[in-house]
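The values are calculated or read from the model by the stated rules, or taken from the named source; none is laboratory data. Note that this is a predicted model, so its numbers are computed, not measured. Because the Cβ atoms are built from the backbone with ideal geometry, glycine has one as well, and the counts that use them run over all protein chains shown.
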Amino acid sequence: MIKRQGSGTGMFVRMLMRAALVQPGRAASALMAVVVAATVATAMMTLYMDVQAKLRKEFRNYGANIVVVAPEGKPLPADALTNVERVLGGKGIAVPFAYAVARTKEGAPIVVAGTDFERVRKLNSWWAVSSAEYQVPGSGNKPVEALVGVKALQAVGGGSFKLDFDGREQQFATSGMLRTGAAEDSRVYLDLGEFEKWTGVHASSIEIGASGSTAEIDATLRSLSSSLPGSEVRAVRQIVEGEARVLGKTRAALLAAIAIIIVTAILCVLATLTTWVLDRRRDFAIMKALGASEKLINGFFAAEAALLGAAGAVAGFAIGIGVATWIGHANFHAAVQPRWSVFPAVLAGSVAVALLSAVLPISMLRRVQPATILRGE
Amino acid sequence: MFIRVVYESFRRQRRRKLLAGVAIALGVSVATAMIAVATDIGDKINRELRTYGANLVVTPDADTLDVEIGGVNLKPAGDGAFLKEADLPNIKGMFWRHNIVGFAPMLPVNVTVDGKQVALVGTYFNKDFKYGNDAYQTGVQTVYPYWKVNGAWPKDASNEVLIGEKLAAETNRKTGDTLVVGGRELRVTGILSSGGAEDLQIIAPLAVAQQILGRAGAVKRVYVSALTKPEDELARRNPDSMKSNPELWDRWYCSPYVNSIAYQLQEAIPHSHAEQIRQVAQNEGTVLEKIRGLMLLVTLAALLASALAVSAAMATAIFERRREVGLMKALGAGNLSVASIFFAEAALLALIGGAIGYLAGNLMAQQIGQWVFQSRIAIQPVLFPIVIGLAMFVTFAGSAASIRKAMRFDPVMVLRGDA
């Protein structure tokens, strides 16, 4: 009894292997269908999970999504920037701004702003500065270098110019011309340290480009509010809403595309495997004629399908990761993280589809007499 | 004879033909839907990107320096040059008028409310316009979709205003209250929340601001929201340097680059200077390109997958019929006539399956458009021949290897069932 059981298993395995070896072409085309479907499913799901983070990075180019403003007429506390950076924890960039109204030598009022140029350059990548190189206005040496807005340039005359703040005159040298198409065009930007030394006015607002999901940004917003009592912390609706909208639509479009692609892939696997099993109705009939039990035959075809599904899933997963990585490189110039969480889904899906496509034809054939099939009718 | 063989093959092997046809139709429908979505997504996302607000601003040519910090203007109003409101309808007469989603004029005036100096901005909320035979509405409701109004939007020809939420809190006003500004009674219809400088302002119909300022028909700035094409090499060139080269100039002028639209705005509104708002305009291109690239690559993957599926289906379909090939050859048919029968069948399948698939794909694309963007997805009719051609090619390619293999078998072996 034990011996027969053993040889039965051996026979079972041998038959499984023979199926692949006798007609390698047929088995290969069935396997390929599963591999293609698994590849597509893996690549699409990996991309879908990763694309949000990738796109969010692009959206950060729109600049600050959170603004901290001091109460009217008062500067921010001296440790405000350190506090903000602590809350951000490296996930974003904070830029301080200080403003004052100075007068040109004709007596016309002009807004002068102090900021940190290294930071502002990272946050506001759309700032167009005309000098070939983004010259960071230096500090210490006289005259103070200034980045002058395109409209302000007409007012101050460019080159080297003088501004007056509360009777304190200061000599400036134009280091570059700034063009943004917005309020910045009519301002003169200085290094914050120089600005404070000249005017004695301290930073009154901090613009923050915080990265992360909507929930993460909401959390940042809340902890900023609690760590900066007295100051107003608000989300920039224009940026937050625009991003949410475009991102949502993109994700939905991608989801629809992915759903269609995966459903088609599954249908193709179903069709290919069903034909494959139907084609082997002679095997089925011979087994039955030789006295194999229904359970054994079902088990045999099921095992075969499961094996095919599993093998296809493993190969497809590997290729799919490759495809997703390639798409990530081609489009975002950044690697897509392989998502291992996708694997169980792909494996289970492949095996389930393969099983389904084996069970359907077998249940159809069960009612047919082996003799009919073997006679070729 | 040839036609009869093909016809009988379809009549007798209905199940097999159906299976192959369904595979082709499926592949083609996915290809059609994906290509349609991928080609149209740029347009759709471009429209969604308008949520960011205006990407162009028109100012008077001889504008004076703004003295503005955090949306508060520190300069006496009435200073400097103005644009004429009467010139604004010209915007819809420009070459790229269909790319103008909307525009909103602005006229800021400093006023006193409860002894506190605040900015009142005159604008269009949703004003009716006529240019030629085109009737359209435009105003801040179109240009700034992210403005949220708690209450109702005011009417353009009225004394109704919106009040920014911070100003409302400071002055203790709510919807339905009246404000007395410059001896005029203005009714608050809603509280505006924009997350920007407007939260501290009063937004009024343009005519009200003009009356307060005492300058009829004056406009300080016009914000324009336009659908633009991402910048490329040509767009970054200096327009003045291109004027000597008419062909290049025409190409620049007739492309909806943000700079060429700015140029045309300057032509449409006399004595004006149009400038792109770089924060919005410059980033559109990158975001758009990334999303379009993504969909294109996904489409490529989908095309590849459906091509493989179709060719696999064809390969199996033909492999199954090697007995037929054996029989034909045993009866004396040459390789050429056998191959032509199979190819004719494949072509017929591709044509029928492709046509059904194209229709199904169209439906699918429309469903996606409705579901995601709440609008139709434009389908180019040129897609039909392309898709049918692709289906033919893939079907032939899938069949070719199997046909060759089937013909190489010895008829005797095949008929005995040994091959």
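Points to keep in mind about this one:
- Residue pairs meeting the criteria (Cβ under 8 Å; at least 6 apart or on separate chains; first within 14 Å of chain A (Cβ to nearest Cβ) and more than 14 Å from A:Ile239 (Cα to Cα), in the stretch B:185-198; second among the aromatic types (Phe, Trp, Tyr) and not in a loop (DSSP other than H, G, I, E, B)): none
- Test: B:Thr32 is surrounded by fewer than 22 Cβ atoms within 10 Å (Cβ to Cβ) and either on the phi > 0 side of the Ramachandran plot or assigned to a helix (DSSP H, G or I) (or both): no
- Each residue in the stretch A:145-169 was checked for being in contact with a strand residue (DSSP E or B) (Cβ under 8 Å, 6 or more places away or on another chain) and under 16 Å from B:Asp66 (Cα atoms), and 7 of them qualify.
- Selected residue [more than 9 Å from chain A (Cβ to nearest Cβ) and surrounded by 22 or more Cβ atoms within 10 Å (Cβ to Cβ)] from B:Leu234, B:Leu265: B:Leu265
- For the stretch B:309-321, the count of residues that are away from every other protein chain (no Cβ under 11 Å) and in contact with a helix residue (DSSP H, G or I) (Cβ under 8 Å, 6 or more places away or on another chain) is nonzero.
- Test result for A:Val263, part of a helix (DSSP H, G or I), in the same structural domain as A:Met45 (by TED's automatic domain parsing) and touching a Pro at 6+ places or on another chain (Cβ under 8 Å): no
- Only residues that are acidic (Asp, Glu), surrounded by 18 or more Cβ atoms within 10 Å (Cβ to Cβ) and out of contact with any Asp or Glu (no Cβ under 8 Å at 6 or more places or on another chain) were counted in the stretch B:157-187, giving 1.
- Enumerated strands (runs of 3 or more DSSP E) restricted to the stretch A:165-255, each holding at least 2 residues that are in contact with a helix residue (DSSP H, G or I) (Cβ under 7 Å, 6 or more places away or on another chain), free of Cβ contacts under 8 Å to residues at least 40 places away in the same chain and among the aromatic types (Phe, Trp, Tyr): none
- Residue within the stretch B:78-87 that is more than 37 Å from the chain's Cα centre (by Cα), more than 14 Å from chain A (Cβ to nearest Cβ) and over 30 Å from B:Leu304 (Cβ atoms) present: yes
- Qualifying positions in the stretch B:328-376 - in a helix (DSSP H, G or I), small (Gly, Ala, Ser) and free of Cβ contacts under 8 Å to residues at least 60 places away in the same chain: B:Ala346, B:Ala347, B:Ala355
- Any hit, the stretch B:353-370, residues being among the hydroxyl-bearing types (Ser, Thr, Tyr) and within 35 Å of the chain's Cα centre (by Cα): yes
- Of residues in the stretch B:134-159 being assigned to a loop (DSSP other than H, G, I, E, B) and within 25 Å of the chain's Cα centre (by Cα), the one nearest to B:Asp199 (Cα to Cα): B:Trp147
Every residue, every condition in (1) buried (at least 16 other Cβ atoms within 10 Å of the Cβ); (2) modelled with pLDDT under 90, yes or no:
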residue: B:Gly332; (1), (2): no, yes
residue: B:Val338; (1), (2): yes, yes
residue: B:Glu345; (1), (2): yes, yes
residue: B:Ala355; (1), (2): yes, no
residue: B:Ala365; (1), (2): yes, no
residue: B:Phe373; (1), (2): yes, yes
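- Output for the stretch A:162-173, where each listed residue is surrounded by fewer than 21 Cβ atoms within 10 Å (Cβ to Cβ) and either among the hydroxyl-bearing types (Ser, Thr, Tyr) or more than 14 Å from chain B (Cβ to nearest Cβ) (or both): A:Lys162, A:Asp164, A:Asp166, A:Gly167, A:Arg168, A:Glu169, A:Gln171, A:Ala173
- Applying the criterion of being basic (Lys, Arg) and more than 18 Å from the chain's Cα centre (by Cα) to the residues of the stretch A:238-288, the residue that is farthest from the other protein chains (Cβ to nearest Cβ) is A:Lys288.
- Qualifying residue in the stretch B:240-251 (condition: surrounded by 16 or more Cβ atoms within 10 Å (Cβ to Cβ) and at pLDDT below 85): yes
- Some residue of the stretch A:292-309 being surrounded by 18 or more Cβ atoms within 10 Å (Cβ to Cβ) and under 31 Å from the mean Cα position of the chain (by Cα): yes
- Scanning the stretch A:209-253 for residues that are polar (S, T, N, Q) and closer than 24 Å to B:Pro145 by Cα yields A:Ser211, A:Ser213, A:Thr214, A:Gln238, A:Thr250.
- B:Thr59 vs. criteria facing chain A (nearest Cβ under 10 Å), of a type outside the set (Phe, Trp, Tyr) and in a strand (DSSP E or B): yes
- Check on B:Ala281, within 18 Å of B:Ser225 (Cα to Cα), touching an Asp or Glu at 6+ places or on another chain (Cβ under 9 Å) and facing another protein chain (nearest Cβ under 8 Å): yes
- Qualifying position, being outside the structural domain of B:Val30 (by TED's automatic domain parsing), part of a helix (DSSP H, G or I) and crowded, with 24+ Cβ neighbours inside 10 Å, among B:Ala281, B:Ala305: B:Ala281
- Unmet requirement for A:Phe343, which otherwise passes all of (1) under 22 Å from A:Gln52 (Cα atoms); (2) at pLDDT below 85; (3) away from chain B (no Cβ under 14 Å): (2)
- Answer residue from the stretch B:172-204, given it is within 31 Å of the chain's Cα centre (by Cα) and part of a strand (DSSP E or B) and is farthest from B:Tyr146 (Cα to Cα) among those: B:Ile203
- Residue within the stretch B:232-252 that is in contact with a strand residue (DSSP E or B) (Cβ under 9 Å, 6 or more places away or on another chain) and within 27 Å of B:Tyr146 (Cα to Cα) present: no
- Answer residue from the stretch A:38-83, given it is more than 8 Å from every other protein chain (Cβ to nearest Cβ), aliphatic (A, V, I, L, M) and in contact with a helix residue (DSSP H, G or I) (Cβ under 7 Å, 6 or more places away or on another chain) and is farthest from A:Ala313 (Cα to Cα) among those: A:Val68
- Filter result for the condition that a residue is touching a helix residue (DSSP H, G or I) at 6+ places or on another chain (Cβ under 7 Å) and in contact (Cβ under 8 Å) with a residue 12 or more places away in the chain, over A:Ala371, A:Ala352, A:Ala315, A:Ala330: A:Ala315
- Residues that are touching a Ser or Thr at 6+ places or on another chain (Cβ under 8 Å) and modelled with pLDDT under 90 within the stretch A:195-232 comprise just one, A:Gly212.
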